[in-house]
Amino acid sequence: MEISYLILGSNMGDRMDYIRRGIALLGSSLGTITEMSSVYESEPWGFDHPTWFLNQVVALETNLDAEELLEGTQRIEQELGRIRMHTAGYQARTIDIDILLYGNDVINISGLVIPHPRMAGRMFVLKPMAEIAPKLMHPVLGQTMEYLRNHCVDTSVSETVRRVRP
C-alpha cells in the first residue's frame, strides 16, 4: 500500500458536488481516503474565468501503482463530465484530479510526472497540503509542505471555504 496525495478542483456547475462525488469515487474505486483538507476557493490559475475553483487535497491509501492511479483518476474525471480539450492553456472544468505525490517516488514518464512539477509554486495546492501534511517532505526539493507554503511566491488568492473531516 502506498499513500498518494491528490488535489481535486472544479469551477463549473455545482462545484462542491463535483468535489464530493470525485472523493467518493476515489474512495470506492481506487483506495481509502485517509485525510482530507478543508475546501479552498481559489482564483483561476493561468487563465481568466469568472468562476473561481473549489480545491481540496486528499490522502489516498492505494495498492495501485502510479500509472494505474492516473488511469483511475482520468476515468473518474470522464465519469463526472470532464472533457479534455486539446488546446493550449488551462480551461474551466467540471472536475480535475491531479496526483501531487505518490509516496516518496519520483516518476517522469510520458504523461505522468510525480511530484507534480508545479505544486511548489501554487498556493492553492500548498495551503491544503500543509493543512493535512505540514511536515511531509517534498521528495525532490527536500522541504516540508509547511515550509513550501510559507515561502511560496504565488500571490493568487486562495481562501478556506469550508473545513471538513475525513
If you take the residues in the stretch 11-33 that are modelled with pLDDT of 95 or more and not in a helix (DSSP H, G or I), which one is most open to solvent (accessible area, probe 1.4 Å)? 32
Just one of 106, 113 is surrounded by fewer than 21 Cβ atoms within 10 Å (Cβ to Cβ), modelled with pLDDT of 95 or more and within 14 Å of the chain's Cα centre (by Cα); which is it? 113
Answer yes or no as to whether residue 118 is modelled with pLDDT under 85, open to solvent by 40 Å² or more (accessible area, probe 1.4 Å) and of a type in the set (D, E, K, R). no
Can you tell me how many residues in the stretch 34-58 are in a loop (DSSP other than H, G, I, E, B), open to solvent by 60 Å² or more (accessible area, probe 1.4 Å) and closer than 19 Å to residue 145 by Cβ? 1
All positions within the stretch 127-149 that are in contact with an Asp or Glu (Cβ under 9 Å, 6 or more places away or on another chain), of a type in the set (A, V, I, L, M, F, W, C) and open to solvent by 20 Å² or more (accessible area, probe 1.4 Å): 132, 136
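Yes/no matrix, rows are residues, columns are (1) over 19 Å from residue 34 (Cα atoms); (2) at pLDDT 90 or above; (3) not in a loop (DSSP other than H, G, I, E, B):
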{"site": "77", "(1), (2), (3)": "yes, yes, yes"}
{"site": "92", "(1), (2), (3)": "yes, no, no"}
{"site": "101", "(1), (2), (3)": "no, yes, yes"}
{"site": "125", "(1), (2), (3)": "no, yes, yes"}
{"site": "141", "(1), (2), (3)": "yes, yes, no"}
{"site": "156", "(1), (2), (3)": "yes, no, no"}
{"site": "164", "(1), (2), (3)": "no, no, no"}
Being out of contact with any His (no Cβ under 9 Å at 6 or more places or on another chain), touching a residue at least 40 places away in the same chain (Cβ under 8 Å), open to solvent by 60 Å² or more (accessible area, probe 1.4 Å) and among the acidic types (Asp, Glu) is true for just one of 61, 71. Which residue is that? 61
If you check every pair at least six apart or on different chains, which have Cβ atoms under 7 Å apart with a residue in the stretch 95-113 that is touching a residue at least 24 places away in the same chain (Cβ under 8 Å) first and a residue that is open to solvent by 70 Å² or more (accessible area, probe 1.4 Å) and in a loop (DSSP other than H, G, I, E, B) second? 106/140
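The values are calculated or read from the model by the stated rules, or taken from the named source; none is laboratory data. Everything numeric in this text was worked out from a predicted model, so none of it was measured. When we count neighbours, we look across all protein chains shown, and the Cβ atoms used for this are built from the backbone with ideal geometry, even at glycine. Accessible surface is based on the protein model in full, side chains and every heavy atom, while ligands, DNA and RNA are left aside. Shrake-Rupley method; radii C 1.70, N 1.55, O 1.52, S 1.80 Å.
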